[in-house]
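A short worksheet on the structure shown next.
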Amino acid sequence: MDENIEKYFLQPGYIFFSETPHLIYTVLGSCVSVCLWDCRQRFGGINHYIYGSDGQNNRSAKYGDISIRYLVRLMVEAGSLKQFIRAHIIGGGLNPELSSTVGEENILIAEEVLKSYHIAVLTRDTGGHTGRKLVFNNESGKILVYKGISVRRDDWYR
């Protein structure tokens, strides 16, 4: 990856979008990130949500049904046409500390919302028993996914 490109670490419950090139890093367990990329204009954004939805119409980015729709809105407001938006869905692993269905629910919400917008999904790296470190290049649309079971904290957060 390009060393001169801006870097950003995305925390859980947040969204990052930029029309300028960035490498966006995040770490996922049962959480899911949806990366959206405009293949024509070559920019994009990413979310990191914790729960699929809360059923209370809570307007927080920690819920996938809200954060994915908001990320699509950011793309469209920046000039993207939906037919040029591509997606990656990453995460949704089993977290033994939470409900065993949280990861599955997070994946399902991503699939449903993207389908409702007719956005093509390029990559699905979801489920399983491993954590993931995700690196998304919002200019090229490329992703790197590192998986691991037993890693040091610094391996994930650098």
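Semi-axes of the equivalent ellipsoid for the range 6-139, computed as √(5λ) from the eigenvalues of its C-alpha gyration tensor and ordered from largest down, come to 22, 16, 13 Å. Each label point was placed 7 Å from the Cα along the Cα-to-Cβ direction; for Gln41 and Ala120 their separation is 1.8 nm. Projecting the Cα positions of Phe16, Leu94, His48 onto the charge dipole of the range 6-139 (unit charges on Cβ atoms of Lys, Arg, Asp and Glu, taken about the Cα centre) puts Phe16 furthest along the positive direction. Net charge in the neighbourhood of Gln83 (other residues with Cβ under 12 Å of its Cβ; Lys, Arg +1, Asp, Glu -1) is +2.
In terms of the mean number of neighbouring beta-carbon atoms within 10 Å, the peptides 106-118, 7-19 order highest first as 106-118, 7-19. Placing +1 on the Cβ of every Lys and Arg and -1 on the Cβ of every Asp and Glu, with nothing else charged, gives the chain a dipole about its Cα centre of roughly 140 debye. Just want the answer: with Cβ charges of +1 for Lys and Arg and -1 for Asp and Glu, which residue in Ser116, Ile66, Gly79 is farthest toward the dipole's positive end in the chain? Result: Gly79. Per-residue 3J(HN,Hα) values for the range 105-122, derived from phi via the Karplus relation 6.51 cos²θ - 1.76 cosθ + 1.60 with θ = phi - 60°, read 5, 5, 5, 4, 4, 4, 4, 5, 5, 5, 4, 5, 8, 6, 9, 5, 9, 7 Hz in sequence order (x marks Gly and Pro).
Given the rule -39500 (n - 2.57) for each run of at least 4 DSSP H residues, summed and divided by the residues of the chain, what is its mean residue ellipticity at 222 nm, to the nearest 500 deg cm²/dmol?
Numbers: 3 runs with 33 residues, N = 158.
Estimated from H runs of four or more residues: -6500 deg cm²/dmol.
Close amide H contacts of Gly131 (hydrogens built in the peptide plane, cut-off under 5 Å, sequence separation of 5 or more or a different chain): Gly148.
Tell me the net charge near His48. Cut-off is 13 Å between Cβ atoms, His48 excluded, with +1 for each Lys or Arg and -1 for each Asp or Glu. Mind showing how you got there, number by number?
Numbers: positive: Lys62, Arg132, Lys133; negative: none.
Within the 13 Å Cβ shell, the charges total +3.
Every number in this text was worked out from the coordinates using simple rules, so none of it is lab data. Computed from a predicted structure; not experimentally measured. Neighbour counts run over all protein chains shown; Cβ positions are idealised from the backbone, glycine included.
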